[in-house]
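Okay, structure first, notes after.
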Amino acid sequence: MTVTNWDARAYDRDFAFVAAYGAELLDWLKPQPGESILDLGCGTGELTQRLIDAGARVIGLDADPAM
């Protein structure tokens, strides 16, 4: 398996639409305080942070450590 090294700053600059598009999922998910959530492919963690801000316990994993 080949893993591409991402530039987190460039990702946030050029692909901010990904997190914006995914934000609708948070309404559907309705994270609750104390709930455990695994965020796979979390990227730079923008949506992961919003889950944490809602009170959930979150583990964010991405294939690239730079993300």
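Along the axis of the charge dipole computed for the chain (Cβ charges of +1 for Lys and Arg, -1 for Asp and Glu, origin at the Cα centre), the listed residues A56, Y11, L25 are led at the positive end by A56. Amide H contacts of R57 (H built 1.01 Å from N, in plane; Pro and chain starts excluded): G34, E35, S36, I37 sit under 5 Å, all sequence-distant by 5 or more or on other chains. Calculated FRET efficiency, L29 to A8, Cβ-Cβ distance, R0 = 22 Å: about 0.40 to the nearest 0.05. When the alpha carbon gyration tensor of the chain is reduced to an equivalent ellipsoid, the three semi-axes, largest first, read 22, 14, 9 Å.
What accessible area per residue, rounded to a whole number of Å², is obtained for the chain using a probe radius of 1.4 Å?
Averaged over the residues of the chain, the accessible area is 75 Å².
Return the loop-located chymotrypsin sites (Phe, Trp or Tyr not before Pro) in the range 7-67 (DSSP other than H, G, I, E, B) with at most 15 other Cβ atoms within 10 Å of their own Cβ; answer none if there are none.
On the way: sites: Y11, F15, F17, Y21, W28; in loops: F15.
Here the chymotrypsin sites (Phe, Trp or Tyr not before Pro) that fit, given the DSSP loop and packing criteria, are F15.
Once backbone amide H atoms are built at 1.01 Å from N, W6 has A66 as its partners under 5 Å, excluding neighbours fewer than 5 places away on the same chain.
Which of the GluC sites (Glu not before Pro) found in the range 1-53 are in a DSSP loop and have at most 14 neighbouring Cβ atoms, other than their own, within 10 Å? Provide the component values of the computation, followed by the final result.
Details: sites: E24, E35, E46; in loops: E35.
Listed in order of number, the matching sites are E35.
So, with a 1.4 angstrom probe, what is the percent of accessible area on the chain that is carbon and sulfur? Within the chain, the accessible surface is 57 percent carbon and sulfur.
The values are calculated or read from the model by the stated rules, or taken from the named source; none is laboratory data. Since the structure is predicted, the reported quantities are computational estimates derived from the model, not experimental observations. As a convention, Cβ positions derive from the backbone with ideal geometry for all residues, glycine included, and neighbour counts pool all protein chains shown. Areas reflect the complete protein model, heavy atoms only, side chains present, ligands, DNA and RNA absent. Shrake-Rupley method; radii C 1.70, N 1.55, O 1.52, S 1.80 Å.
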